[in-house]
Amino acid sequence: MQTRARLVAATFLSLSVLATSACGDDGEEKAADSSSAAPTDSSDSSDSSAPTAECTVDDIQVEGDFGSTPSVTIPDDCTPPATLLSKDLVTGTGPAAEAGATVETNYHLVTWSDKQVLDSSFERGETFPLENLGNAPVIDGWNQGLLGIQQGTRRLLVIPPDLGYGEGGNGVAPDETLVFVVDAVSIS
């Protein structure tokens, strides 16, 4: 009887050890699986074709002289900037436009997402008078981005959605980044 009890106890103990080992093996396999899966997941997110860095104003190419319709090329290998970017492509002369000034402008607007010309006063052949700079009834990107411009200056503005049309409007899609080339024809 004792032999039978010992045999049952030994069998039970062996099954317990085997069951515990099996659980441990599953856990180790899962740990191994998750550690081997992690690099695969991170390599998927660093797809070389997906833009990762934020664009700078120098990444955007503009061709054309002051007074002529510009050609704008927006890159595919970086993301739109989150802040207002400005760069004078041609430097004018005279005093800088201050808050309250009127700036007679020509402009060319390209939308970031589809890289299409949305509006252009150059193409219409008529300038746009920006009155009361800083508080003009235009998007904030213009009120902020054109301060300090001089007559004869061609300025590139890259305007994030929060300083543009935000949720959309005036033919602009929601959360659209705007790329403007603005010529300051005169300042008064």
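Just so you know, all these numbers are worked out from the coordinates, no wet-lab data involved. Here the structure is a predicted model, which means the values were calculated and not measured. Cβ placement follows ideal geometry from the backbone for every residue including glycine, while neighbour counts extend to all protein chains displayed.
Going by C-beta contacts inside 10 Å, put Cys55, Cys78 in order with the fewest on the left.
Cys78, Cys55
Check which residues have an amide H placed less than 5 Å from Thr105's amide H, if you skip close sequence neighbours.
Phe128, Leu130, Val185
Put +1 on the Cβ of each Lys and Arg and -1 on the Cβ of each Asp and Glu in segment 53-112; which of Phe66, Thr93, Val103 then has its Cα farthest toward the positive end of the dipole?
Checked the options; the winner is Val103.
For the ranges 155-166, 107-118, what's the packing order if you count other beta-carbon atoms within 10 Å of each residue, average per peptide, and put the highest first?
Working: 155-166: 21.2, 107-118: 17.2.
For the peptides 155-166, 107-118, the packing ranking is 155-166, 107-118.
Taking the alpha-carbon centroid of each part, what is the distance from segment 160-188 to segment 55-76 in angstrom?
After rounding, the separation between the Cα centres reads 15 Å.
Can you give the Rg and Dmax of segment 57-187 based on its C-alpha atoms, in angstrom?
Answer for segment 57-187, Rg first and Dmax second: 13.6, 39 Å.
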